[in-house]
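Notes to accompany the following structure.
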Amino acid sequence: MRATLSILTAETTGPDRVVPPTGFTARLTLFTAAAMAFLAVFALALSLATGRLADRWADSLARSATIRISAPPEQMEAQVAAVQEVLKTTPGVESSRVLGDEEMKGLLKPWFGPDLPVDALPLPKLIAVTETADGLDAEGLRLRLQAEAPGAIFDDHTRWRRPLVAAAERLRMLGLMSLVLIFGAMAGMITLAAQAALAANGQVIATLRLVGAKDAFIARAFVRRFTTRGLIGAVAGTVLGMVAIALLPSAEAAGGFLTGLGFSGLSWLWPLIIPPIAAIVAFAATRFAALRMLRRIR
Amino acid sequence: MIELQNVAMSYSGAELLSDMSLRLAPGSFHFLTGPSGAGKTTFLKLCYAELLPSAGHLSLFGKDVRAMSRDEIAGLRQRIGVVHQDCQFLDHLSVEENVALPMTVSSRAPDMDQLRELLNWVGLKHQANARPPQLSGGERQRAALARAVIMSPDVILADEPTGNLDWEMSLRLLSLLVELNKMGKTVVIATHDLNLIRQAKAQVSARVLRIANRHLQAAGADL
């Protein structure tokens, strides 16, 4: 472990050698970058998962609707037939299907348990409607159903679909905001670490200025070091984050929202942008801190 | 080369140096003397623009120091070699790397033959790979001198270079500075060691200046 750490925190060769080894800030920067990259992987996964959810709800549910028929038992068959007749002649209806008793049982099972006597209950009939890509005229269909089958109520899911899609969109935005905050916090922490390193090396900087080093040279020595550490830490954190995501139960197995938190297909490539972004953040933060501090020294 | 006209230097409202005028001509040799706290170090810091004058005009190599950018000042320090009493080394680098530092910071690869020759000239060839804390006081001063001259500067400023050295080592360092002056370099040595000044005057035509009561004046005839 110690050997690995010494490799990761090893000071570079060449001009960077003018800055003496700084073990504490090296470890702090590595840890910060790794932790932030790990969190960034989860924020990215959350953002992508909620994005997929929002798209799915927006696309698939937008093309589905339900007609609920409530009528006395003796009129039920006639009302169902009337509704189906109406649907056959309604533009924008791709298909329709009456839900059978087993499907009704399945829908009610979470609330009433598996032994529900569907036959004994005055349950309404449900017809699942799939719309064409162009959609149908919901208001026109409602008026026709009112006239042909008074017990039928058309529900195009708009009422509950909109808040769900809005919630998913907000979750996606929160995920993206979390990414921005994570990289912001990382910039702050690396700036502090760089400032600590610069302050600890005040005498070194004074000597470098004395022998004619320009600000850009001194800043570069610190910037290279912190950028390398930021990159190495972020690679480690990203790999750990991706492994953790891969170890989550699969969405198919449990079907819950959280188990869908992950990457699929080419989206596994998205986390690979985290280390370069972390390196850019480390570069910018260190350069900013170094040049600001150097301006105070003649 | 370095010219001061009515230069004054104040810090926190207190005037440290006042109304100083001087022109350091190319190839000249100057001693700067005065009691401790008189302002010798402050004067030298003005000469390599670590400090800016609070009044008067200071020009380095024909340029007004106030009009120079930070990068210009950095470039100018490659033409002025400075030897401090405390040497200011980077202790994690070897003596050789410390001596080559002015070249490293100007992104020039040091000529290893020239570097070895320089270390040989100051008598530190055998200590090239040692770390500065391993050197004696005299060796540190000679390493600082080697670092100061590696870029072949026009001016060498030495602040109490023999302050921590015994007489024999002081003479050895002085002879190196005299040798540099004979090569055409302008040399300014701040010291309160009057014996050293007398010894130098026997070898080279040196002008002795004295800072007293914040003013720069020519030293007495005894020097």
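Bear in mind these aren't lab numbers, they're just calculated from the coordinates by the rules spelled out. This structure is a prediction, so every number in the text was calculated from the model and none was measured. When we count neighbours, we look across all protein chains shown, and the Cβ atoms used for this are built from the backbone with ideal geometry, even at glycine.
Just checking the listed ones, A:39, A:141, A:171: in the Gaussian network model of chain A with Cα springs under 10 Å, the one fluctuating most is A:141. Can you tell me the orientation of helix B:112-121 relative to chain B, as the angle in degrees between its alpha-carbon axis and the longest Cα principal axis, to the nearest 10? The two axes meet at around 70 degrees. Scaled against 2.2 N^0.38 Å for its residue count N, the alpha carbon radius of gyration of the protein assembly as shown is 1.70. Approximating the spin labels as points 7 Å out from Cα along Cα→Cβ, the residue A:158-to-residue A:64 distance works out to 1.9 nm. Taking Lys and Arg as +1 and Asp and Glu as -1, the other residues whose beta-carbon sits under 9 Å from that of residue A:294 total +4. Across the range B:33-104, the volume of the C-alpha convex hull divided among the residues equals 125 Å³ per residue. How about residue A:125: which lysines have a C-alpha closer than 19 Å to its C-alpha, ignoring those fewer than 8 places off in the same chain? Within reach: A:88, A:105, A:109. Shape call for the range A:153-291 from the C-alpha gyration tensor, a ≥ b ≥ c root eigenvalues: rounded (a/c under 1.5), prolate (a/b greater than b/c) or oblate? Here the range A:153-291 falls in the prolate category.
For the range B:87-152, evaluate the Debye formula with one uniform point scatterer on each Cα (no solvent term) and list log10 I(q)/I(0) at q = 0.11, 0.25 Å⁻¹, rounded to two decimals. Evaluating at q = 0.11, 0.25 Å⁻¹ gives log10 I(q)/I(0) of -0.19, -1.08.
Distance between the 7 Å Cα→Cβ label points at residue A:216 and residue B:6: 3.8 nm. A helix-only calculation puts the protein assembly as shown at -16500 deg cm²/dmol for mean residue ellipticity at 222 nm, using -39500 (n - 2.57) for each DSSP H run of at least four residues, averaged over all residues. Of all lysines in the structure, the ones whose alpha carbon falls short of 27 Å from that of residue B:63, not counting any fewer than 8 places away in one chain, are A:214, B:40, B:45, B:182, B:185. Local charge for residue A:233 was computed over the other residues whose Cβ lies under 13 Å away, with Lys and Arg +1 and Asp and Glu -1, and equals +3. Rounded to whole numbers, the Karplus 3J(HN,Hα) couplings from phi for the range A:136-147 are 10, 8, 4, 5, x, 5, 4, 5, 5, 5, 4, 7 Hz, using 6.51 cos²θ - 1.76 cosθ + 1.60 with θ = phi - 60°, and x at Gly and Pro. To the nearest ten degrees, helix B:167-182 and the longest principal axis of the Cα atoms of chain B are 80 degrees apart. So what's the gap between the Cα centers of the range A:45-71 and the range A:17-37, to the nearest angstrom? Between the Cα centre of the range A:45-71 and that of the range A:17-37, the gap is 46 Å.
Remark: the range B:85-90, residue by residue, has Karplus-estimated 3J(HN,Hα) of 4, 8, 6, 6, 9, 9 Hz, where x stands for each Gly or Pro and the curve is 6.51 cos²θ - 1.76 cosθ + 1.60 at θ = phi - 60°. Our coupling estimate for the range B:191-198, obtained by passing each phi through the Karplus curve with A = 6.51, B = -1.76, C = 1.60 and θ = phi - 60°, is 7, 10, 8, 5, 5, 5, 5, 5 Hz, Gly and Pro reported as x. Helix A:158-200 axis versus longest C-alpha principal axis of chain A: approximately 10°, rounded to the nearest ten.
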